[in-house]
Structure formats: C-alpha cells, structure tokens
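Okay, so here's the structure we're looking at.
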Amino acid sequence: MQLPVSFTNRMQRLLGQEEYPKFLEALQHTPPVSVRINQAKAAAAANLTPVPWAAAGHYLPERPLFTLDPAIHAGAYYVQEASSMFVEQALRQAVNLNQSLQVLDLCGAPGGKSTHLASLISPDSLLVSNEVIRSRASILAENVAKWGSGNVLVTSNDPRDFGRLPDFFDVMVVDAPCSGEGMFRKDPQAVEEWSEENVNLCAQRQQRILMDVWEALKPGGVLIYSTCTWNEQENEENIAWLAEQEGAESIKLQLQPEWGVVPTQLKGVEGYRFYPHRVQGEGFFMAVVRKAGEEQVISHGKSKKKKYKLTVAGKKEQALVQDWLQQPEQYTFVQHGEVISALPENLFEATDEVYQNLYVLYAGTELAEVKGKKLKPLQGLALSQHLNNDAFRITELDLEQALRYLRKEDISLGTNGSDWLLLQYKDLPLGWAKQIGSRMNNYYPKEWRIRMELPPELPSGSLVVDIN
C-alpha cells in the first residue's frame, strides 16, 4: 500500500515512532468481518466472538457469501463495521433510553447506524433517518424496511432543510462525509482519492453540516459526531470549533482498557479514536456534546385542532388491515397516496410535523397498496417485527426455493388456491406470493432481487444467526 507522504508524516506525529510501525503493519492485514444481530428476529450463531462495545455485535471467523444467506434478506442481521458500533456506548452513556425520544440520523445510508439506533431506542421513540442522495436513500429505506422496527421515517433532504424543525430532536447522529482515511485497508481507491486539499474541503463541509442542523437539536439535546478518518482537522478541531461557536458541553464516555479505544482531548472537548492495530475494526473517530440549555421533554399526541398533512385511512381499509399487526390498537393507520401504513399512535403528530417540512420516502410499516377494492400486502409488512403471522397463510421454503424466490424467479410448491402466501425460510419471513390456481406469482420487490447466479452447490446454513 503506497500511502501519501503527508499522511504518513501526520500519522507518525500522532502515534509516535514506537507505535507507528504497528499501525502500518495492521493496514496490511485483512479487515475483520463483523455483523450486528437483529435480536427481535434471531439469535447469534454459537461460538461467535462478541464486539465488546455492542451487545448485538459479533465478529465472524471468515467472510461468507452473504448474498446466499436468506437470513440477511429477512433482516435477521446487518453487516456492519465494528468500530462504528461504538455509537451504542455514546447513546447508552449520554441519553436516557427509557424515555420517548426524537432521534435524527442525518447521514443514514446505507443503514448501519440507523438500524442500530432503531434497536437501541424505545418502541415509543421516533427515528428520522436521512440521506440527501436519492439513490442512496432508496437503499436506506430498503434496509430500514428489512429491519422492521416500525418507528422509523426515511427522508431525503439537505442538512439545511432541518432548520424547518427547530428544537425538534433530542439526539442527533452526524456520521459526516469525510476523507476516508480509516477505510484505506478496506478500500484501496480511498488512498488514491486522498489529498490534503480534500481533507480541507471535507472539514469545511462538515462545519457547514453541523451548523445547518444545530438549530433542530433541542436545548439539552445530545449530538454524536463521527467520521471514518484520523486527521485532527475533520475530528477534534471541528468538534472543538462547534463547542466554541455554540457553547456546547463535551460529554466524557467511560472506556474499558481492553477495548483499545484511544481517548483524545482538544480545548476541553473529549474524543475517541479507533486504530486498526489497537482494535478489531477500522479507523474511526467519535465525539459527543450536549447543547446548552435546559433539557426538554415534549409529549406528542393527536390534537383535534391541528390541521394534518397525514390522512388517516378510511374505516373500511382499517378494518381490512388492523389484524395484520400484533396489538393493532397501538397504531394509527394512515394512507399516503395508494399506500396504507401503520404508525405508532403516540408518534402521529411528530411524524406529521416531519411530513409537513421534509421529503419522506418511507414511514412506519408499509402495510398494503390499494388496488381498486382490494389490498395488496407490501414487503414492509412481511418483514415487520410486529407482523401477526396468524393473519396469513404461511409457506415454508427450503434454501434453494428461498434463493430462487429472492431472485424473483417463479417457483412451484405443488399447491393450489387463491390466497396471498407469506413465504418463510427457517421461520424468517421473506415476502409475499400470490397463489392463483396451481401457479404462484412472485411479489418480491424487483429492485431488491438477488442478481447473482446461484452456484451448483449451496451453503448448508447461516454462519451468522442460529436458525437451524
């Protein structure tokens, strides 16, 4: 790996002559593979090594061909870099997770931190997961739907748009676009694209992003800032600049020595660095600050006086879908265009406020599409953690059938009828098919389909989750 001279000089200064060779050696090693289990759907496979700072994080002994594991398509786990799972410590140590929160993941795609946040916050909390690039926002919405928590809105907005929601969020996570130094061993192209000029541009853009969204954070609210780079300009200097500009208070996190995380400090602001020779993970930086002012707790509920943008679904439609989820009394069923979605009832007003100010791609749990007088169940329902399995006819698939279904091929099960079928693999729902006589129509979303050809020999089971 041919590293830029200015980068190596800086890293030698940061690490010192004794530690720098260990850092260089670590960059030559194969990156570790880590996943985070969706504990609402599955348990980790036996004998996996845990990620020490994340309860559901685990290292894999080798990198499997994830595409050929139906469990990943069912949202049973997410492949996520271990260092970035440290957001769990920031949240657990700086925030009361028992209360109802409004949380923003500003740079959410492809969905690692968003699905992680969704697992950590309470069911009556709202997560707004944003991605400014529309194509990446669609991938984010797919991964949020697969995770199936039901209390997430996916938006696609520029950071400055969040100024329309002043004092709205209790917590903000800004995993800022950066120069990507921490990805050097994982992505050789990151080395080629690196330059001091790009570092300067990234630092300026990060400052602009922080100032754009700062107004939307409540007084007393918590900002978690992170990058996958090592230079001080994008890390300590930026967050110290924000603290100086806005009077933000640094929050110190408690570390375990065996984690290998390196604490730093600049102008009274604490930071946390991850180096590949010290941790089993990639390069990463995080800092946590609290906005000045008294903490606010705002209760959102439906108000009869307010004019809403969201439309509550008609009684007829509600009657058709209300048994599709467990505990339907806890939801408000809304219709946006032809799509009927379920929102946790206590989040209706906050959700409507987001709809009035931002562009929303996906909300809550998408249940059904209205087709004339009939309803077509949607993929978000099949993958929901709150799906009522008893409301549907379920068909279990073997591995080959499951993978052919996920390729959106026609499969035959030798059955007859005229029902919607919920197709499962090892009790994990994958999606819908419609039985029409002896024929079965595959309703797996075409944009989600597996594109690779299936090999002659298929893997015997998941190395990741215990589904055997």
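For the stretch 422-468, enumerate the residues that are out of contact with any helix residue (DSSP H, G or I) (no Cβ under 9 Å at 6 or more places or on another chain), open to solvent by less than 90 Å² (accessible area, probe 1.4 Å) and farther than 20 Å from PRO61 by Cβ.
Within the stretch 422-468, LYS434, GLN435, ILE436, GLY437, SER438, MET440, ASN441 meet the criteria.
Looking at (1) closer than 16 Å to VAL33 by Cα; (2) touching an Asp or Glu at 6+ places or on another chain (Cβ under 9 Å), find the lone condition where VAL79 falls short.
The number of the failed condition is (2).
Looking for whichever is surrounded by fewer than 24 Cβ atoms within 10 Å (Cβ to Cβ), outside any helix (DSSP H, G or I) and not β-branched (Val, Ile, Thr) here; the options are GLU62, GLU88. Which one fits?
Within the list GLU62, GLU88, the selection yields GLU62.
Kindly indicate which of LYS252, LYS267, LYS218 is modelled with pLDDT of 95 or more and on the phi > 0 side of the Ramachandran plot.
Answer to the check: LYS267.
Under the condition of being modelled with pLDDT of 95 or more and either of a type in the set (Gly, Ala, Ser) or touching a Leu at 6+ places or on another chain (Cβ under 8 Å) (or both), which residue from the stretch 401-419 is most open to solvent (accessible area, probe 1.4 Å)?
That would be ARG404.
To keep it simple, each residue is scored yes or no on (1) over 22 Å from ALA43 (Cβ atoms); (2) in a loop (DSSP other than H, G, I, E, B); (3) among the charged types (D, E, K, R).
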site	(1), (2), (3)
THR395	yes, no, no
ASP410	yes, yes, yes
LEU430	no, no, no
ALA433	yes, no, no
ILE436	yes, no, no
GLU447	yes, no, yes
LEU458	yes, yes, no
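Does PHE333 satisfy the condition of being of a type outside the set (Gly, Ala, Ser), surrounded by 18 or more Cβ atoms within 10 Å (Cβ to Cβ) and not in a helix (DSSP H, G or I)?
Taking the combined requirement at face value, the residue satisfies it.
Only one residue in GLU244, GLU234, GLU282 is farther than 30 Å from ASP124 by Cα and without any contact (Cβ under 8 Å) to a residue 24 or more places away in the chain, so which one is that?
GLU244
Kindly evaluate HIS29 against the criterion of being out of contact with any strand residue (DSSP E or B) (no Cβ under 8 Å at 6 or more places or on another chain) and not hydroxyl-bearing (Ser, Thr, Tyr).
yes
I'd like the residue in the stretch 361-398 that is open to solvent by less than 20 Å² (accessible area, probe 1.4 Å) and among the aliphatic types (A, V, I, L, M) and, out of all such residues, is farthest from GLY417 (Cα to Cα).
Ranking the qualifying residues of the stretch 361-398, first place goes to ALA363.
Kindly indicate which of GLY281, GLY293 is farther than 20 Å from PHE169 by Cβ and of a type in the set (Gly, Ala, Ser).
The conditions single out GLY281.
If you go through the stretch 104-126, how many residues are over 20 Å from ALA40 (Cα atoms), of a type in the set (A, V, I, L, M, F, W, C) and in contact (Cβ under 8 Å) with a residue 60 or more places away in the chain?
Going through the stretch 104-126 one residue at a time, the tally reaches 3.
Could you check the stretch 113-145 and list, in sequence order, the residues that are closer than 21 Å to ALA82 by Cα, crowded, with 24+ Cβ neighbours inside 10 Å and polar (S, T, N, Q)?
Those that are closer than 21 Å to ALA82 by Cα, crowded, with 24+ Cβ neighbours inside 10 Å and polar (S, T, N, Q): SER114, THR115, SER129.
Looking only at the stretch 1-32, which residues are assigned to a loop (DSSP other than H, G, I, E, B) and either open to solvent by 50 Å² or more (accessible area, probe 1.4 Å) or of a type in the set (Val, Ile, Thr) (or both)?
MET1, GLN2, GLN17, GLU18, GLN28, HIS29, THR30
Being within 30 Å of ARG451 (Cβ to Cβ) and surrounded by 15 or more Cβ atoms within 10 Å (Cβ to Cβ), is that true of even one residue in the stretch 346-356?
Within the stretch 346-356, not a single residue is within 30 Å of ARG451 (Cβ to Cβ) and surrounded by 15 or more Cβ atoms within 10 Å (Cβ to Cβ).
Pairs, please: C-beta under 6 Å, at least 6 apart or cross-chain, first residue touching a residue at least 40 places away in the same chain (Cβ under 8 Å) and in the stretch 390-403, second small (Gly, Ala, Ser) and open to solvent by 30 Å² or more (accessible area, probe 1.4 Å)?
Listed pairs, sorted by first residue: none to list.
Return yes or no: is LEU97 open to solvent by 20 Å² or more (accessible area, probe 1.4 Å), in the same structural domain as VAL152 (by TED's automatic domain parsing), at pLDDT 95 or above and touching a Ser or Thr at 6+ places or on another chain (Cβ under 7 Å)?
Considered against the rule, which asks whether it is open to solvent by 20 Å² or more (accessible area, probe 1.4 Å), in the same structural domain as VAL152 (by TED's automatic domain parsing), at pLDDT 95 or above and touching a Ser or Thr at 6+ places or on another chain (Cβ under 7 Å), LEU97 comes out as yes.
Which condition from (1) more than 30 Å from PRO4 (Cα to Cα); (2) in contact with a Leu (Cβ under 9 Å, 6 or more places away or on another chain); (3) free of Cβ contacts under 8 Å to residues at least 60 places away in the same chain is the one that ASN47 breaks?
That leaves (2) as the condition not met.
The values are calculated or read from the model by the stated rules, or taken from the named source; none is laboratory data. None of the values given here were measured: they were computed from a predicted structure. Cβ: placed from backbone, ideal geometry, glycine included. Neighbour counts: every protein chain shown. Accessible surface areas use protein heavy atoms only, side chains included; no ligands, DNA or RNA. Shrake-Rupley method; radii C 1.70, N 1.55, O 1.52, S 1.80 Å.
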